[in-house]
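Each remark here refers to the structure printed beneath this line.
The values are calculated or read from the model by the stated rules, or taken from the named source; none is laboratory data. These numbers were taken from a predicted model, which means no experiment stands behind them. Neighbour counts run over all protein chains shown; Cβ positions are idealised from the backbone, glycine included.
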Amino acid sequence: MKPKKNRPETHAPRRSAASLIATLMLVSFLPAASATPLIFSCAAGNDLLRVASDNGLDVKRFDAPLAAVEAAVDGDGVLLLADAYPAHTTVLDAALFQKAAGKHLRLYVEYPSFLPGMELGAPRGTQWERAVIASDAFAPTLAKLRILAIHGCRFLPVRATTPHIVIGRVAGFDTAVYGLAQESYPILFDLPPQTGAGDVLVATTKLSDFVTGRYAPTDAWQGIWSYVFTWLRPGRELVALKWTASVRPSFGAGAALPADIEAQALRRGIDWYFNSRMVIHPSMMAKYDRPCNEPVAAVANPDLKQDWPFGHRTARMPDLSTQVGDGSLGVLEGFDAKIFHDGTQPVRWWNRNDCNGEIAGAMAVAGAALQNPPYLKVAGNIGDWLYFKSRMSLGDHANPQHPAYGLIGWNDTPNYCGPGSMDGYAVYYGDDNARSMLGMMLAAATLKTDRFDERLMQCLLANLRLSGRLGFQPDRVDQGPLQNAGWQSFFNSSNTSYSPHMQATLWNCYLWGYRQTGFELFRQRAKTALGMMMAAYPDHWVWMNGIQQERAKMLLALAWLVRVEDTPEHRTWLRRMADALLASQDACGAIREEIGKAGKGGCPPPASNEAYGTTEAPLIQSNADAASDLLYTCNFAFIALHEAAAATADPFYRTAEDKLAAYLCRIQIRSESHPELDGGWFRAFDFKRWEYWASSTDMGWGAWSIESGWTQSWITSVLALRQMKTSLWDLTKDSKIKSHFEKLRPTILSDETLDKVLVNPVGAGGAK
């Protein structure tokens, strides 16, 4: 039997339960009795068709534009949607527009191959561009300069004098604060009357892909579709569409949580590593081992034959049919913030020291908390790979005569920024080494093994000898300068860096090292630096992506200072930092992001439209924006509050931690259509909208990124520690690492070197 074409359907066809959950539950405020059918030309699975039907609108669907126009009666509203997007435009011609005009139809057309009287350019893609409301058509629901995201947008350049929506590179959270971009292109506009085509509303891209493409924010798209449907049927009552996003928070802001929600969130958070194929399987190595190409800017339709089409070893996510790895090859960094038109996201195909160490710890403590032996096995494999097999730990890092001895490189990628750049394993960030060490402390204690102890002690001492007399390291150390200057120049320096984000976690490691070994230099350099940092707060602090992340990092170090020296002064410091951090904790548990003092930000918000996407940056444009950051703040605040509560037994810290725990469980990603995202945590969450939304200007880790280490690992680690009713400090107290100290210390820090170091070079004085 031949398939029947152009047969009208009075309602959308049945769908699977999973598909229903992903796109439905919508309500229309348009009375059915007064409804005039909307005529659609599109595939049966089109998002807009389904949402309209599920909202109770009367719809008729046809397979082809001409059939839809021919079936329409005088004055009907007809939607000609872009089935072949983004590869092909919607095939239209002059005869179709003439026929529609003759019947006084109101046409909404998407991604057209032809428009009467207008010249369409070749399709082009976007990189940092966002859509912006450019007219008063949507008022008062959407004001001019309101920003919205059309992910994976591919559009047709065209000249239009008064567009309703444009696309261009703009800075801002909800509003284009510097106005429209100089180079803006129409996305939605009315066809000029002089064309003689009648009433035509043109979208130069596929707006109807809003559920699949995860367009955001939801309230803006509700306003747009209300306008379009009202335009199609003037005089009719306003239509308010609602839908459930395909990628969404697990619970509403006020929904009751199950009694075992933290155990559920923990299991889902750990399973995310396997479901997303972040844990590398041998079958993935052929792709992983390809050389790094030059980064590619503004990719419209990337050639997938190219190794890393999105730059910095960022490419399409692993095939979900790939077998699951066991940790013996490490774990990928996570998902990039870019979202394609099909709702998928690219992945950063490299191993990082910090992420793998953190994940080993998270996997281990989760295995213990949930009594899951496979998690424990994978945790051990990750640790073995990182410490004994990866190039980040081997080579110069294993040579006692080299100044990099004991350090662990940033990542395992040669020429990590393209040909001619330095190797990723010849770059050292003290904070990355520190977080990796904290994770490996946790892994060793939970696995009840001492096999990581010697390598861990090497790393502790190697970092100590790069910390100067005042306890500060350079924020970054590269192999070349380290070889040229020697580690002694760092060890004997008096440099400072008033950035807790870059410095404070190392002081946690030194305080822990002092607890385990009694080596005075660990305590002295950490305590000196912490005292200077507190004296410098807040005027001299340098904040990275916001001041809140600095407070969170400092809070953790101060909690462990109380463990080492429980004095009234140290408790006062701890409470002062917690009060500052929690002053912006919302009733829902979110910790609101905050931009610090002007001129002290290492990565401030963009100061122009042209600056959007050019550097690392906050999720907010101003402190009026209601976003929380799970890459830099909430994740580290979670472990900091947990350790502060354990150190002080003060319910103040536990109450704040409990609120944050509930918030994190609520906003954990839920998605049936994207199992690779389900159970993860995006960097950004707008806790007033209750949606994943923010300014995604950060060039590497934007609003929709998922970091396998920093974010995913510390949230799951704390959930597991809460299940076990213990803390990181207490769980690791029985480490046998001291057995390696006496052997390694003279090799890394000779007696002669230590004799030249003043026991107390400075007091806890103020900032210079």
Number of positions in region 606-648 that are assigned to a helix (DSSP H, G or I) and aromatic (Phe, Trp, Tyr): 2
From 436, 390, residue being at pLDDT 95 or above and either under 21 Å from residue 731 (Cα atoms) or of a type in the set (A, V, I, L, M) (or both): 436
Filtered residues of region 223-237 (kept if free of Cβ contacts under 8 Å to residues at least 60 places away in the same chain and not in a loop (DSSP other than H, G, I, E, B)): 230
Any hit, region 188-202, residues being part of a strand (DSSP E or B), under 26 Å from residue 245 (Cβ atoms) and either of a type in the set (Gly, Ala, Ser) or not assigned by TED's automatic domain parsing to the domain that holds residue 100 (or both): no
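Which is over 16 Å from the mean Cα position of the chain (by Cα), among the hydroxyl-bearing types (Ser, Thr, Tyr) and surrounded by 23 or more Cβ atoms within 10 Å (Cβ to Cβ), of 632, 612?
612
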Those residues of region 115-136 which are closer than 22 Å to residue 150 by Cβ and more than 38 Å from the chain's Cα centre (by Cα), in sequence order: 115, 118
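Just to verify a result, which residue in region 702-723, among those that are in contact with a helix residue (DSSP H, G or I) (Cβ under 9 Å, 6 or more places away or on another chain) and in a loop (DSSP other than H, G, I, E, B), is surrounded by the fewest Cβ atoms within 10 Å (Cβ to Cβ)?
705
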Subset of region 470-487 (residues that are within 18 Å of residue 748 (Cα to Cα), touching a residue at least 40 places away in the same chain (Cβ under 8 Å) and exposed (fewer than 13 other Cβ atoms within 10 Å of the Cβ)): 486
Output for region 673-691, where each listed residue is closer than 26 Å to residue 267 by Cβ, touching a Pro at 6+ places or on another chain (Cβ under 9 Å) and surrounded by fewer than 23 Cβ atoms within 10 Å (Cβ to Cβ): 676, 690, 691
Qualifying residue in region 520-540 (condition: in contact with a helix residue (DSSP H, G or I) (Cβ under 6 Å, 6 or more places away or on another chain), in a helix (DSSP H, G or I) and of a type in the set (Asp, Glu)): no
Qualifying residue in region 566-580 (condition: closer than 18 Å to residue 623 by Cβ and not acidic (Asp, Glu)): yes
Residue within region 93-108 that is part of a loop (DSSP other than H, G, I, E, B), under 19 Å from residue 157 (Cα atoms) and among the aromatic types (Phe, Trp, Tyr) present: no
Matching entry among 517, 496 (being closer than 28 Å to residue 734 by Cα and in contact with a helix residue (DSSP H, G or I) (Cβ under 9 Å, 6 or more places away or on another chain)): 517
Region 74-96, subset of a type outside the set (D, E, K, R) and within 17 Å of residue 231 (Cβ to Cβ), residue nearest to the chain's Cα centre (by Cα): 81
So residue 695, is it small (Gly, Ala, Ser), at pLDDT 95 or above, assigned to a loop (DSSP other than H, G, I, E, B) and farther than 30 Å from residue 405 by Cβ: yes
Qualifying residue in region 176-189 (condition: among the acidic types (Asp, Glu) and either in contact with a Pro (Cβ under 8 Å, 6 or more places away or on another chain) or crowded, with 17+ Cβ neighbours inside 10 Å (or both)): no
Matching entry among 332, 320 (being in the same structural domain as residue 439 (by TED's automatic domain parsing) and either at pLDDT below 95 or surrounded by fewer than 24 Cβ atoms within 10 Å (Cβ to Cβ) (or both)): 320
For residue 661: the one exception among (1) more than 29 Å from residue 521 (Cβ to Cβ); (2) in a helix (DSSP H, G or I); (3) touching a helix residue (DSSP H, G or I) at 6+ places or on another chain (Cβ under 6 Å); (4) small (Gly, Ala, Ser): (3)
Some residue of region 434-446 being in the same structural domain as residue 511 (by TED's automatic domain parsing), of a type outside the set (Phe, Trp, Tyr), more than 25 Å from the chain's Cα centre (by Cα) and surrounded by fewer than 20 Cβ atoms within 10 Å (Cβ to Cβ): no
Top-ranked residue of region 238-281 - restricted to ones that are of a type in the set (Phe, Trp, Tyr) and part of a helix (DSSP H, G or I), ranked as surrounded by the fewest Cβ atoms within 10 Å (Cβ to Cβ): 274
Test for residue 351: is it within 29 Å of residue 673 (Cα to Cα) and not in a helix (DSSP H, G or I): yes
Selection status of residue 652, surrounded by fewer than 23 Cβ atoms within 10 Å (Cβ to Cβ), out of contact with any Cys (no Cβ under 9 Å at 6 or more places or on another chain) and either in contact (Cβ under 8 Å) with a residue 12 or more places away in the chain or on the phi > 0 side of the Ramachandran plot (or both): yes
Pair list, Cβ < 8 Å and 6+ apart or interchain, from region 338-366 residues that are in contact (Cβ under 8 Å) with a residue 40 or more places away in the chain and of a type in the set (S, T, N, Q) to residues that are surrounded by fewer than 24 Cβ atoms within 10 Å (Cβ to Cβ) and in a helix (DSSP H, G or I): 356/385
Of residues in region 188-211 being among the aliphatic types (A, V, I, L, M) and at pLDDT 95 or above, the one farthest from residue 123 (Cα to Cα): 211
